[in-house]
Amino acid sequence: MTPTTSNSNTALSMQNGKGEKRNDPVLLNDWYAVTRTQDLQPGSLIKFRLLDIDLVIWRGDDGQVQAWEDRCPHRSVRLSAGNVVGNTLVCSYHGMSYNSAGQCIKVPAHPGYIPPKQACAHTFQVKERYGLIYVCLGEPQQDIVVFPEWNEPAYRCYLTGPYFIRSNGYRAIENFLDVAHFPFLHEGILGDRDRPEIEDYPVVINDDGVFASNIRVWQPDPYGTGQGDYVIYDYWAFRPLTAYLRKYSPTGECLTLLYNVTPVSEEECVGWMLGSLNYAHDISDQAIRAFQDEIVFQDLDNLESHTPKKLPLDSQVEFHVPSDRSSLMYRKWLKQLGITYGIL
Ligand code: FES
Ligand code: FE
């Protein structure tokens, strides 16, 4: 799939190998995490596929990160087979060097030759935040979704992932928004099979996305005190593939999670979780991350088993019950946004 600029406006469209064309500006103009900051040291590169577009992401000796289409404009081989040299990327085929703007600046076979302007790699916008490197394939319409607790002293914050999931990204978000599965897939941790009831809760679509609030869930030991209790969840889907939850108790304990889902293809994604909590100070960071990993791994087999994998927006394809209200509103919102990629 290659990005192309449409004639009518600056929105990008995508065309896959079969010549099928899609126009999904909402997805293309959004930010997606592609790797952890710590996993891209100066002088190194990684490959990543985002929305079916192969990328090479590299960091020069000056610390600056670049994200380019993984294609040398000379003979269309993968640039990721090359090397970072100083602040340039050198292609493995004929050894041509590209500077941080993507421009070819050196052709070893022809010393002194000045490459033409079109000898330029396709570059994308990059930002580093929250220990992650984010890429936007189009023209960003908004900034990276804010994780409000990141700089709050009362909260301990952490990052988990990457979680490589053979699932459609919207299915991963729906799984994140779904509390009715807690007593079954997370039995004994996030729910209790003997108390699976979910009362009605309000969900609205507004300018920020989808907001579901005041969802009461019985949990066996929500705050590590050995006592079962009801907890309350609020959920926001701020972007099609970025959602946030806040879980809290009447006594002030609060946990939040920002789930960044990166669409690799229509049927694969990578999850990254930013978390925070203002309690359990005696538990190590390592134990908290291990707990988060355990919860995500408990979801995996189930998440990868959806058939169809793509998300059906036709309400007749699957049946729905009142506790699915957040997912139904999420689907309604995706429809309003006109998204087609990964949608049945
Ligand atoms: Fe990359 Fe020739 S194909 S330098
Ligand atoms: Fe789950």
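Using unit Cβ charges (K, R positive; D, E negative) and no other charged atoms, how large, in debye to the nearest 20, is the dipole of the chain about its Cα centre?
Taking the Cα centre of the chain as origin, the dipole is about 1580 debye.
Find, among the trypsin sites (Lys or Arg not before Pro) in the range 189-281, those assigned to loop by DSSP (not H, G, I, E, B) with at most 14 other beta-carbon atoms within 10 angstrom.
Taking the range 189-281 and a limit of 14 other Cβ atoms within 10 Å, the loop trypsin sites (Lys or Arg not before Pro) found are Arg193.
Over the range 35-145, one equal point on each Cα, no solvent: what is log10 I(q)/I(0) by the Debye formula at q = 0.19 Å⁻¹?
Each listed q maps to, in turn, -0.94.
Take every Cα pair under 8 Å in the range 141-227 that's 6+ residues apart, average their separations, divide by the length, and report that relative contact order as a whole percent.
It rounds to 19 percent for the range 141-227.
I'd like the orientation of helix 285-303 relative to the chain: the angle between its Cα long axis and the longest Cα principal axis, in ° from 0 to 90, rounded to 10.
90 degrees
Note down the relative contact order for the chain as a percent, whole number, built from C-alpha pairs under 8 angstrom at least six residues apart.
Averaging sequence separation for qualifying contacts and normalising by length gives 16 percent for the chain.
Could you give the nm distance between label points at Lys335 and Asp62, where each point is 7 Å from its Cα heading toward the beta carbon?
In this crude label model, Lys335 to Asp62 measures out at 5.0 nm.
Note down the relative contact order for the range 114-158 as a percent, whole number, built from C-alpha pairs under 8 angstrom at least six residues apart.
After rounding, I find 22 percent.
Search the structure for amide H atoms under 5 Å from the amide H of Cys254, placed 1.01 Å from N in the peptide plane, and list their residues when 5 or more places away or on another chain.
Amide H to amide H, under 5 Å and 5 or more residues apart or across chains, Cys254 pairs with Asn278, Tyr279.
Go from 0 up to the bin containing the longest alpha carbon distance in the range 186-329, width 5 Å each, and give me the % of pairs per bin.
2, 8, 14, 20, 23, 18, 9, 4, 1, 0
In degrees from 0 to 90, rounded to the nearest 10, what is the angle of the helix 325-337 Cα long axis to the longest principal axis of the chain?
Roughly 30 degrees, rounded to the nearest 10.
When the helix-only estimate is applied to the chain (DSSP H runs of n ≥ 4, each -39,500 (n - 2.57), divided by the residue count), what is the mean residue ellipticity at 222 nm, nearest 500 deg cm²/dmol?
Estimated from H runs of four or more residues: -4000 deg cm²/dmol.
For the chain, what does the convex hull of the Cα positions come to per residue, in cubic angstrom?
146 Å³
Could you run the Karplus curve 6.51 cos²θ - 1.76 cosθ + 1.60 with θ = phi - 60° over the range 167-182 and give me ³J(HN,Hα) per residue in whole Hz, x for Gly and Pro?
8, 4, x, 5, 5, 5, 5, 4, 4, 5, 7, 9, 8, 5, 8, 3
Which whole-Hz couplings ³J(HN,Hα) result when phi for each residue of the range 39-49 is put into the Karplus expression 6.51 cos²θ - 1.76 cosθ + 1.60, θ = phi - 60°, listed in order with x for Gly and Pro?
3J(HN,Hα) across the range 39-49, in whole Hz: 8, 10, 7, x, x, 10, 9, 9, 9, 8, 9.
Within the chain, how many lysine pairs that are 8 or more places apart, or on different chains, have C-alpha atoms less than 27 Å apart?
21
Tell me the label-point distance for the pair Ile295, Ser213, using the 7 Å Cα-to-Cβ offset, in nm and rounded to one decimal.
Calculated label separation equals 2.2 nm.
How large is ³J(HN,Hα), in whole Hz, for each residue of the range 265-279 in order, when computed from phi with the Karplus curve 6.51 cos²θ - 1.76 cosθ + 1.60 and θ = phi - 60°, using x for Gly and Pro?
Listing the rounded values in order: 8, 6, 10, 9, 8, 10, x, 9, 10, 9, x, 8, 8, 10, 9 Hz.
Each reported figure results from applying straightforward, stated rules to the coordinates on display, with no laboratory input. These numbers come from a predicted model, not from an experiment. Here Cβ is always computed from backbone atoms with ideal geometry, including for glycine, and neighbour counts include all displayed protein chains.
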